[in-house]
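For reference, the structure is listed below as structure tokens.
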Amino acid sequence: GVRPALLLAILTQESSLGKNVGQCYVTDLTTGSGTNLSGTVTRQRVMNPKSIPTFIALTESLGMDYKKTPVSCWIPMYSGGKPYGWGGAMGPAQFIASTWALYSARVGQIIGAVANPWNIRNAFLASGLLLKDNGALTSESVAAAKYYCGGNYGRSECKAYANSVLRYAAQYEVDIAAIGG
């Protein structure tokens, strides 16, 4: 029930339709810091330490090595001079491990296989489910803001994200109409 243009817009905003699924590796399981993909630059706040056990369990269940699995780096944000937020988003839809854990069983049931957040089809389906659960059928703007910010979706950066997604979606609607979709 979620508009295809909105799904495409989310995946465009999150990972350029899967072209950028992350530029960091988690290396410190205690602090959540890591490195860039070449291992030459230390990066802070790559993944919330509370998410690391879920991330490790997920990668192991998929036969992947967590130390060689790319995730998003932290986008530096500060409030009152203190950092907030984390990187650690996974795959084309950029799910954090705890959110993926909430959707992986539903996706797996629908596809009849183990769900993988790095698989574009699985990510697309999970994004649709999350957007629907976030209220996309009644307010795409709120659903997009929640996609990025969760429960704190009223912040200005969340609204800016939603506005960007809706601009992409509007262009996708034009493109879909042009090909007779």
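The values are calculated or read from the model by the stated rules, or taken from the named source; none is laboratory data. All values reported here derive from a predicted model rather than from experimental measurement. Here the Cβ positions follow ideal geometry from the backbone for every residue, glycine too, while neighbour counts run over all protein chains shown. The area values use the complete protein model at the heavy-atom level, side chains included, leaving out ligands, DNA and RNA. Shrake-Rupley method; radii C 1.70, N 1.55, O 1.52, S 1.80 Å.
A Förster radius of 25 Å, combined with the Cβ-Cβ distance separating Lys82 from Leu29, puts the computed FRET efficiency at roughly 0.65. Note that the chain presents 52 Å² accessible area per residue, ligands and nucleic acids not counted, probe 1.4 Å.
Quick check on the chain: helices-only [θ] at 222 nm, where DSSP H runs of length 4 and up contribute -39,500 (n - 2.57) each and the sum goes over total residues. Nearest 500, please. Intermediate results must be reported in sequence, preceding the final value.
On the way: 6 runs with 84 residues, N = 181.
It comes out at -15000 deg cm²/dmol, rounded to the nearest 500.
Rolling a 1.4 Å probe over the protein heavy atoms of the chain, with every protein chain left in place, gives an accessible area that is 55 percent carbon and sulfur. Evaluating kT/(6 pi eta Rh) at 10 °C and 1.306 mPa s, with the Kirkwood radius of the stretch 1-131 over Cα pairs in the Stokes-Einstein relation, gives 106 µm² s⁻¹.
The stretch between Asp65 and Leu17, if pulled fully straight at 0.36 nm per residue, gains 14.9 nm over its current Cα-Cα span.
Taking the Cα centre of the stretch 36-113 as origin and assigning +1 to Lys and Arg Cβ atoms and -1 to Asp and Glu Cβ atoms, the resulting dipole is close to 220 debye.
Packing, taken as the mean count of other beta carbons within 10 Å per residue, orders the peptides 25-35, 86-96 from highest to lowest as 86-96, 25-35.
Taking every lysine pair in the chain that is 8 or more places apart or spans two chains, those with Cα atoms closer than 30 Å amount to 21. Counted residue by residue at 0.36 nm each, then reduced by the alpha carbon distance between them, the extension gain from Gln109 to Thr138 reaches 7.9 nm.
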